[in-house]
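Okay, so here's the structure we're looking at.
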Amino acid sequence: MRPNICWIILHVCIWAGLLLILNADDECLIETRVLRNTSYKAVAGEYLEIKCEVVFCEKAQPTVNWFKREQTDVAFTVSSSSHIQTEWEFIDILEGRSFLIFHKIRLTDSGQYQCQSGGSNSHNINVFVNVDDGRGRTTVPQKNESSTNSEPTVNSWTYMYFAAGIVPFIIIAIIISVVLMCRCQGESKNETQTEI
């Protein structure tokens, strides 16, 4: 009994499809992880560090930028004389934590902060700086109350591009499989009828 060419073609197509899907996820997406409604409270002059977890695909440390959310987002440029520093800590091979460190936090540091890496923006991190007036702590309100509800929008087009590339491939693979299976069944019925 000789091997059926239709079944061989079907197996080759399935293996080719599996290999293409296996290598389809070469593009690495970096993900920043900060829980919604994360808040930190500090007294003016104290030490405070806020953190942002980052998941990445390459073993090299990704670039993480910190922004203060105002009317226009202000990126931090850290200098040696600044009271603000950034640090990095590896959690795992492909996961780490970026810290924004305030050595002596100021009243003007109150506000919303966000970390960004590889096009992925974190949720807002609220920082409240209080003044110790000797009788208790008094919260200093934020200047821009309208920005308290501004959360970064998830770019859903990224997912649409992935789906647009994968879905047609899957549909084509299913159609080819069904056609080859029907054709193989038809040929095997014809062969059994001619043998009888």
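Numbers at a glance
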read-out: Residue within the range 29-42 that is loosely packed, with under 15 Cβ neighbours inside 10 Å, part of a strand (DSSP E or B), more than 16 Å from the chain's Cα centre (by Cα) and modelled with pLDDT of 85 or more present; value: yes
read-out: Residue within the range 112-133 that is acidic (Asp, Glu), modelled with pLDDT of 65 or more and assigned to a helix (DSSP H, G or I) present; value: no
read-out: Positions within the range 47-76 being modelled with pLDDT under 90 and not hydrophobic (A, V, I, L, M, F, W, C), in sequence order; value: 58, 59, 61, 62, 63, 65, 68, 69, 70, 71, 72, 73
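Residues are listed down the side, and each one gets a yes or a no for (1) loosely packed, with under 12 Cβ neighbours inside 10 Å; (2) within 10 Å of residue 64 (Cβ to Cβ); (3) in the same structural domain as residue 57 (by TED's automatic domain parsing):
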position	(1), (2), (3)
85	no, no, yes
90	yes, no, yes
96	no, yes, yes
99	no, yes, yes
102	no, no, yes
111	no, no, yes
114	no, no, yes
127	no, no, yes
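The values are calculated or read from the model by the stated rules, or taken from the named source; none is laboratory data. From a predicted model like this one, the values you see are computed outputs, not experimental measurements. Note that each Cβ is placed from the backbone with ideal geometry, even for glycine, and that neighbours are counted across all protein chains shown.
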